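The values are calculated or read from the model by the stated rules, or taken from the named source; none is laboratory data. Note that the structure is predicted; figures quoted are calculated from it, not measured. In this analysis, Cβ positions are derived from the backbone assuming ideal geometry, glycine residues included, and neighbour counts consider all displayed protein chains. Side chains included, ligands, DNA and RNA excluded: accessible areas come from the protein's heavy atoms. Shrake-Rupley method; radii C 1.70, N 1.55, O 1.52, S 1.80 Å.
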Amino acid sequence: MIHSFLLFFLSFSGVRSLGVNYGQVGDNLPSPDKVLELLTSLKISKVRIYDTNPQILTSFANSNTELVVTIENEMLTQLLDPQQALQWVAIHIKPYFPAVRITGIAVGNEIFTGNDTVLMANLIPAMIAIHEALGELGLGSYIHVSTPTSLAVLEESFPPSAGSFKGEVSSYISQFLQFLSRTKAPFWINAYPYFAYKDNPDIISLDYALLNPMTYLVDPSTKLNYDNMLYAQVDAVIFGMARLGFDGIEVRVSETGWPSKGDLDEIGANSENAAIYNRNLLRRQLANEGTPLRPNSRLEVYLFALFNEDMKPGPTSERNYGLYHPDGTMAYNMGLSTSSASISLSSSATKLHLVNAGYRGG
């Protein structure tokens, strides 16, 4: 297996702000120890998982990997009870820390853009309970608490200066931002230029969506220049927060990626575009780029995803975001090879604001 472009970029340059999402919705994925071996070879030291799988936590102990773990949506209601939250942290976090470098807990995923208003109402109290439980167990200063949010939470996203949250969730978002501001935790956004392009290929420039250098789009209010959609999406979130009175909260991209395969109606989902998108993202990460609104603050990004996951529901694209197939071969060629290494991963079992608002559902 040739790591080629990825190995060159990550091994020799060390992209400190780049992480990867390690999903497990498959029946043929490598064992966690093999996954750690792969991540180590690629010099990727930031990983997000979608649960608190004890096998993964045990395998990642005493490594240099920073881990963001997740509390599943269906768990939130029972964690409203402070004693239940304390017990959850005592069982799922404390026994592994600090051997496992857990740096964040994602409480749920894309709850603000779902249809469950009870879940929305329970989210912030559950986050508060988990944060207080971390503090009670002496972990509060090491592990932040947040929740990944779909870009669909925005009512307006282009130009970025018009960024605003949807009215029906603004009260929840205000409470959320108060929590983030108080605890110094980041706003995590799942942002996918692919979806904006797929839905509007006659309007959206493919280069703009793929992060290719191109002629700038100028925000008429700020006069800031945008040469790619991802940065415009992030800045729209920042402007949206400012509209609600919050200016200093960091925004991190918890998910972004491009599928290497899709159904006939999934325009742009192919291996060539996936390679270009991820290669351009890596190049920008190597340059420690910030967004036009925050040029001096390096943007932290988590790629989606490490592996293709064969049991994910939905269109074909959902099962083809991975950099790798489960057997350890690359899903597509990332570029010219400058170094290589072999690792065997045996399986162990049309408004413009809408044009800019690319996101994955779930």
For residue 102, distant residues with modelled amide H under 5 Å away: 67
If DNA, RNA and ligands are ignored and the probe is 1.4 Å, what is the ranking of 43, 166 by accessible area, most exposed first? 43, 166
Theoretical gain in end-to-end length, residue 90 to residue 214 [0.36 nm per residue, Cα-Cα removed]: 39.6 nm
State, as an integer percentage, the relative contact order of the range 70-150 based on alpha-carbon contacts under 8 Å between residues 6 or more apart. 43
For residue 91, the net charge from surrounding residues (Cβ-Cβ under 15 Å; K, R +1; D, E -1) works out to -3
With label points built 7 Å along Cα→Cβ from the Cα atoms of residue 272 and residue 25, find their separation and express it in nm. 2.9
Taking θ as phi - 60°, what are the ³J(HN,Hα) couplings along the range 251-258 by the Karplus curve (6.51, -1.76, 1.60), each to the nearest whole Hz, with x for Gly and Pro? 10, 10, 8, 6, 8, 7, x, 8
Descending packing, highest mean Cβ count within 10 Å first, for 30-42, 135-147 is 30-42, 135-147
In nm, the gap between the two label points placed 7 Å beyond Cα toward Cβ at residue 141 and residue 263 is 5.2
Place the peptides 296-303, 152-159 in order of packing, highest mean first, counting for every residue the other Cβ atoms within 10 Å and averaging per peptide. 152-159, 296-303
For the range 63-74, in order, what is each residue's ³J(HN,Hα) by Karplus, 6.51 cos²θ - 1.76 cosθ + 1.60 with θ = phi - 60°, in whole Hz (x at glycine and Pro)? 9, 8, 7, 7, 10, 9, 9, 10, 9, 5, 3, 5
Carbon/sulfur fraction of accessible area - the chain, other protein chains in place, 1.4 Å, %: 51
Tell me the label-point distance for the pair residue 242, residue 182, using the 7 Å Cα-to-Cβ offset, in nm and rounded to one decimal. 2.6
Restricting to lysine pairs 8 or more places apart or on different chains, what number in the range 18-324 have Cα atoms under 27 Å apart? 18
What is the ratio of the Cα radius of gyration of the chain to 2.2 N^0.38 Å, where N is its residue count, to two decimals? 0.95
Show me 52-61, 73-82 ranked by packing, highest mean number of other Cβ atoms within 10 Å first. 52-61, 73-82
Of all DSSP beta bridges in the range 18-324, what percent run antiparallel (nearest 5)? 10
Using a Förster distance of 30 Å, the FRET efficiency for residue 55-residue 77 (Cβ separation, nearest 0.05): 0.70
